[in-house]
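Only one structure is covered here, and it is reproduced in the block below.
The values are calculated or read from the model by the stated rules, or taken from the named source; none is laboratory data. None of the values given here were measured: they were computed from a predicted structure. Heads up, the Cβs are rebuilt from the backbone with ideal geometry, glycines too, and the neighbour counts pull from every protein chain shown. SASA here: full protein model, heavy atoms, side chains in, ligands and nucleic acids out. Shrake-Rupley method; radii C 1.70, N 1.55, O 1.52, S 1.80 Å.
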Amino acid sequence: LPALFKRELQNTEAEEGGTATLRCELTKPNAPVEWRKGDITLYPGLKYEMKQQGSIAELVIYDLELDDS
């Protein structure tokens, strides 16, 4: 069975230049997660950090800009 969202992403507000964390909960622990912004797949680096513990997946966005909304 595919992994589904147990708890979906929530809107987050943050200051420009700051950091935002997006978090979701899946029905399957350690299911592969692909973070996307529209059609663009996001990869870890200076701007993005991806974390996953069990069924909780997080995307941390650093140095926020208006384009990150």
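Observations, loosely collected:
- Selection status of N11, within 16 Å of L66 (Cα to Cα), open to solvent by 100 Å² or more (accessible area, probe 1.4 Å) and assigned to a loop (DSSP other than H, G, I, E, B): yes
- Among the residues of region 56-69, none is identified as exposed (fewer than 14 other Cβ atoms within 10 Å of the Cβ) and in a strand (DSSP E or B).
- Residue count for region 25-55, restricted to those that are in contact with a Lys or Arg (Cβ under 9 Å, 6 or more places away or on another chain) and open to solvent by less than 50 Å² (accessible area, probe 1.4 Å): 4
- Among the candidates E34, E49, residue that is within 10 Å of the chain's Cα centre (by Cα) and assigned to a loop (DSSP other than H, G, I, E, B): E34
- Here the condition is being in contact with a Ser or Thr (Cβ under 6 Å, 6 or more places away or on another chain) and among the aliphatic types (A, V, I, L, M); of L9, L26, L42, it holds for L26 alone.
Let's see how each residue does on (1) in contact (Cβ under 8 Å) with a residue 24 or more places away in the chain; (2) of a type in the set (D, E):
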residue	(1), (2)
L9	no, no
E15	yes, yes
R23	yes, no
K28	yes, no
T41	no, no
L59	yes, no
L64	yes, no
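- Of all residues in region 14-29 being in a strand (DSSP E or B) and not charged (D, E, K, R), the one that is farthest from L64 (Cα to Cα): L26
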